[in-house]
Amino acid sequence: SGRWSRVAAVIKELEDRAATPIGKLRQVADAMTVEMHAGLASEGGSKLKMLISYVDNLPTGDEAGLFYALDLGGTNFRVLRVQLGGKEKRVVKQEFEEVSIPPHLMVGGSDELFDFIASALAKFVASEGDDFHLPVDRQRELGFTFSFPVRQTSIASGTLIKWTKGFNIDSTVGEDVVAELTRAMERQGLDMRVSALVNDTIGTLAGGRYYDRDVVAAVILGTGTNAAYVERANAIPKWHGLLPKSGEMVINMEWGNFRSSHLPITDYDRALDVESLNPGEQIFEKLISGMYLGEILRRVLLKLATETALFGDTVPPKLETPFILRTPAMSVMHHDNSPDLREVGNKLKELLGIPNTSLKTRKVVVQICDIIAKRGAHLAAAGIVGILKKIGRDAPPKDVSKLPRTAIAMDGGLYEHYTIFSDCLQSTLKEMLGPEASTAIVIKLANDGSGIGASLLAASHSQHL
Ligand code: ADP
Ligand code: MG
């Protein structure tokens, strides 16, 4: 009938606009490498900020003592304590707690947010048991994972450039987030020093390196997306400080802000961007990350409802609510293997109030999930290839016996839980690198590795060393 041919036309157009053939992915990877060079060359030289982290040494395994970590970067924050036992005993004991952030604090005042965090941290510290040992008169130390773009001024200070991922608190922008946290801890009567300020990518890189010596980069695919990697210090023209002894510097790419004319951007993406809290920014992130995939799906379904009556003669009102369809629900629908796509039916009913969908309609929904998720996974893989090119690990050396092993620490709920997405990312990486180079590349899931990584960096930057 006319309806189904209209449906097919909408899908076809989406497929065309969102297409990521291998040639296009190579262009994206190349553009990533080019922008990395530009961002390292000068401040503001690229959409990629390529932020200097002040981490010039990654964990060695010698770290010892009691350290805390606090991870703020999305919908939840985590507090963690770890007793490190040096080379022999490694991680002796660790405990963590997760607290969700009330939405009104994400868009309120700076003090309110930091007071909430410091209060939860103080409660957690109060519950410290006898298995953890702090030498007498020793101040507790904390690694602060703060996963928003920050211009670092030292390993333990940095000013917020902008909020992302649904946070929007004007009074924090331009402030030193360590000072903000420290003041809030003082207000709580909590005696604790922030010894390291890192991004979750840097934390994940540090945690990844602690467990695997070959880790050279970290990628986050969760609510947002970002990447960090180890750069040669003399390959950073914008760095005017002394060259670190190690000769290396960890770079926080802030790759979520990458953009390129080669990115396959559709009208749905453009509308999402325009109506977002940060129009024109985080364009790569808006194509890839967990915060947005479900929302893109909603927008396509809304178009199908309005222009093809996919869900009947009226447009389901809930479908007009931004962000009502979250990526975990999309993932459930996409992974539905039942013959009648029961889960798809359930989700459409539960979340969107659309009862009694036909199998044909459900199949359309799954097809849209597939287009959106795979585009995201393809682009994330292309981004990784861009990094590997930058550090010369994308192709085997002339003497193939000298092929070094390269490990990438990966973290984030999207990669961890959305299997079709992560499988697609891995197979795309293989395809782009070719059979030889790809045998030496491993992606290691570092489940919440950023917390342990931040505590390790607090240990290696302790005031008591
Ligand atoms: P954050 O990025 O907020 O630090 P996580 O790394 O835990 O936190 O990632 C959480 C994000 O991962 C969620 O916002 C969601 O987008 C995505 N996610 C979580 N669970 C799933 C799932 N089952 N399927 C797909 N995406 C998921
Ligand atoms: Mg996280």
Amide H neighbours of Thr406 at under 5 Å, excluding residues fewer than 5 places away on the same chain, with H built from the backbone geometry, are Ile441, Val442
Name the aspartates and glutamates eligible as straight-distance cross-link partners of Lys347: C-alpha to C-alpha under 12 Å, and not fewer than 8 places from it in the same chain.
Asp336
For segment 185-194, Karplus couplings with θ = phi - 60° (6.51, -1.76, 1.60), whole Hz, Gly/Pro x
5, 4, 4, 8, x, 9, 8, 8, 10, 7
Place a +1 charge on the Cβ of each Lys and Arg in segment 104-147 and a -1 charge on the Cβ of each Asp and Glu, then give the dipole magnitude about the Cα centre in debye, rounded to the nearest 20.
60
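List the pairs from Lys245/Lys374; Lys49/Lys430; Lys49/Lys444; Lys303/Lys430; Lys93/Lys444 whose alpha-carbon separation is above 32 Å, in the order I gave them.
Violating the 32 Å limit, Cα to Cα: Lys245/Lys374; Lys303/Lys430.
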What angle, in degrees between 0 and 90 and rounded to the nearest 10, separates the Cα long axis of helix 342-352 from the longest principal axis of the Cα atoms of the chain?
80
log10 of Debye I(q)/I(0), alpha-carbon scatterers only, for segment 191-258 at 0.20, 0.27 Å⁻¹
-0.92, -1.21
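Compute for segment 5-79: radius of gyration divided by Kirkwood radius, i.e. Rg/Rh, restricted to C-alpha atoms, rounded to two decimals. Write out the running numbers ahead of the final one.
Numbers: Rg = 21.4 Å, Rh = 17.6 Å.
Ratio of gyration radius to Kirkwood radius: 1.22.
Where Rh is the Kirkwood radius over the Cα pairs of the chain, the temperature 20 °C and the viscosity 1.002 mPa s, what D in µm²/s does Stokes-Einstein return? It would help to have the intermediate numbers written out before the result.
Details: Rh = 23.2 Å.
Reported coefficient: 92 µm²/s.
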How compact is segment 343-383 by the rule of thumb for globular proteins, expressed as Cα Rg over 2.2 N^0.38 Å?
1.46
Would you kindly calculate the mean projected area, averaged across all directions, of the convex hull enclosing the Cα atoms of segment 410-465, in square nanometres?
5.1
Say each of Lys24 and Ser358 gets a label point 7 Å from the Cα, pointing the same way as Cα to Cβ; how far apart are those two points in nm?
3.0
Positive-end extreme of charge dipole, segment 256-409 - chosen from Ile391, Thr266, Pro328 (charges on Cβ):
Ile391
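Can you pull the percent of Cα pairs in segment 93-205 with separation above 18 Å? Mind dumping the intermediate values first?
Numbers: 3386 of 6328 pairs.
Beyond 18 Å sits 54 percent of the P(r) for segment 93-205.
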Tilt relative to the chain, helix 200-211 - C-alpha long axis, 0 to 90 degrees, to 10
70
For a label point 7 Å from the Cα of Lys89 along Cα→C-beta, name the residues of segment 108-134 whose backbone N is under 11 Å from it.
131-134
What Kirkwood hydrodynamic radius do you get for segment 292-355 when you take the inverse of the mean 1/r over all pairs of distinct Cα atoms, in Å?
11.8
What's the whole-number percent of alpha carbon pairs in segment 224-349 lying beyond 22 angstrom?
53
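Test of understanding: given the chain, find the longest segment containing no GluC sites (Glu not before Pro) that are in a DSSP loop and have at most 16 other Cβ atoms within 10 Å. It would help to have the intermediate numbers written out before the result.
Details: sites that count: Glu43, Glu128, Glu175, Glu275.
With GluC sites (Glu not before Pro) excluded where exposed in loops, the chain gives 276-465 as its longest stretch.
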Taking N as the number of residues in segment 303-410, the ratio of its alpha carbon radius of gyration to 2.2 N^0.38 Å works out to 1.57
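How high is the relative contact order of the chain, in percent, with contacts defined as C-alpha pairs under 8 Å that are six or more residues apart? Mind dumping the intermediate values first?
Numbers: 913 pairs, mean separation 102.0, N = 465.
Taking the mean separation of contacting Cα pairs over the length of the chain, I get 22 percent.
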With the 8 Å Cα cutoff and a minimum separation of six or more residues, segment 99-213 has a relative contact order in percent of 34
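Largest first and in whole Å, what are the equivalent-ellipsoid semi-axes of segment 370-425 based on the Cα gyration tensor, each being the root of 5 times an eigenvalue? Present the calculation step by step, with values, prior to reporting the outcome.
Numbers: eigenvalues 140, 29, 18 Å².
Listed largest to smallest, the semi-axes of segment 370-425 are 26, 12, 10 Å.
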Kirkwood-type radius of segment 264-305, with distances r between different C-alpha atoms, in Å:
10.3
Rounded to the nearest 500, the 222 nm mean residue ellipticity computed for the chain from DSSP H runs (n ≥ 4, each -39500 (n - 2.57)) alone is -14000 deg cm²/dmol
Calculated on alpha-carbon atoms, Rg and Dmax of segment 164-295 in Å:
17.9, 52
So what is the relative contact order for segment 1-99, in percent, with contacts set as C-alpha pairs under 8 Å and at least six apart?
15
Size of the dipole of the chain about the Cα centre, Lys and Arg at +1 and Asp and Glu at -1 on the beta carbon, nothing else charged, in debye to 20?
1280
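All of the numbers you see were taken from the coordinates with simple rules; none came from a lab. Everything numeric here is computed off the predicted structure, so don't read it as measured data. Virtual Cβ from ideal backbone geometry, glycine too; neighbours counted across all protein chains shown.
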